[in-house]
1. Taking the residues in region 48-89 that are part of a loop (DSSP other than H, G, I, E, B) and in contact (Cβ under 8 Å) with a residue 60 or more places away in the chain as candidates, determine which candidate is surrounded by the fewest Cβ atoms within 10 Å (Cβ to Cβ).
2. Would you say residue 34 is under 25 Å from residue 191 (Cβ atoms) and either in contact with a strand residue (DSSP E or B) (Cβ under 6 Å, 6 or more places away or on another chain) or surrounded by 19 or more Cβ atoms within 10 Å (Cβ to Cβ) (or both)?
3. Can residue 154 be described as in contact (Cβ under 8 Å) with a residue 24 or more places away in the chain, in a helix (DSSP H, G or I) and buried (at least 16 other Cβ atoms within 10 Å of the Cβ)?
4. Which of the following residues is at pLDDT below 95 and either part of a helix (DSSP H, G or I) or farther than 27 Å from residue 54 by Cβ (or both): 121, 190, 142, 196?
5. What's the number of the condition residue 196 fails, among (1) under 21 Å from residue 101 (Cα atoms); (2) loosely packed, with under 12 Cβ neighbours inside 10 Å; (3) touching a residue at least 24 places away in the same chain (Cβ under 8 Å)?
6. Does residue 184 satisfy the condition of being within 16 Å of residue 49 (Cβ to Cβ), buried (at least 17 other Cβ atoms within 10 Å of the Cβ) and modelled with pLDDT of 95 or more?
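The values are calculated or read from the model by the stated rules, or taken from the named source; none is laboratory data. This one's a predicted model, so the numbers in the text were calculated from it and none came from an experiment. For neighbour counting, all protein chains shown are included, and Cβ atoms are generated from backbone atoms with ideal geometry for every residue, glycine included.
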């Protein structure tokens, strides 16, 4: 092999190795991916924030149905139950929600953005962005929990007029929650847009194979390790 051919082979090998290495995401970006792109136990393995947003849209729709059905208190209570189902299916398992719940999904998204900011490989930009996300997410979570309680209380009251007052309040707060989630998405996407190296959607394998060691460190499980199933735990 001529010296020129050897040099070309070395350069090509270096390029290929660099490309392979670049496909391995940072732990910080993988946690962001759990919020935005995919998580192991969500409906359709979608991102936690995406699930929360989807539940919020259903909540608003059924809160609107509840208010529109004001002449039929039974219908109002039915749709308030549907709102509760989207927020917390543990409190109301029957309804049009996805069976996961907005509150649980947003709690998970907040946790993983926190993990992202705390990761040793997180950029200064992501650390700062994670703190902002936590600050913005806290009142949305509080609103969701309060709205769930209001919806549940409205179903239990025997006073039709009181039920309608609660229904109006549930609708207003459901819209606030939906808008708050949209703001959270804008905030975390603005943060990832400022990342350097740039944030890229995380490959599915890495999303679902990040595990936490007893030491608290995060690692990607060996691709060749088939002894542990993805659903065996160790993800939080």
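1. Ranking the candidates gives 70 first.
2. Judged against the criteria, residue 34 is a match.
3. In short, yes.
4. Result: 196 is the single residue among 121, 190, 142, 196 that is at pLDDT below 95 and either part of a helix (DSSP H, G or I) or farther than 27 Å from residue 54 by Cβ (or both).
5. Checking residue 196 against (1) under 21 Å from residue 101 (Cα atoms); (2) loosely packed, with under 12 Cβ neighbours inside 10 Å; (3) touching a residue at least 24 places away in the same chain (Cβ under 8 Å), the one that fails is (1).
6. yes
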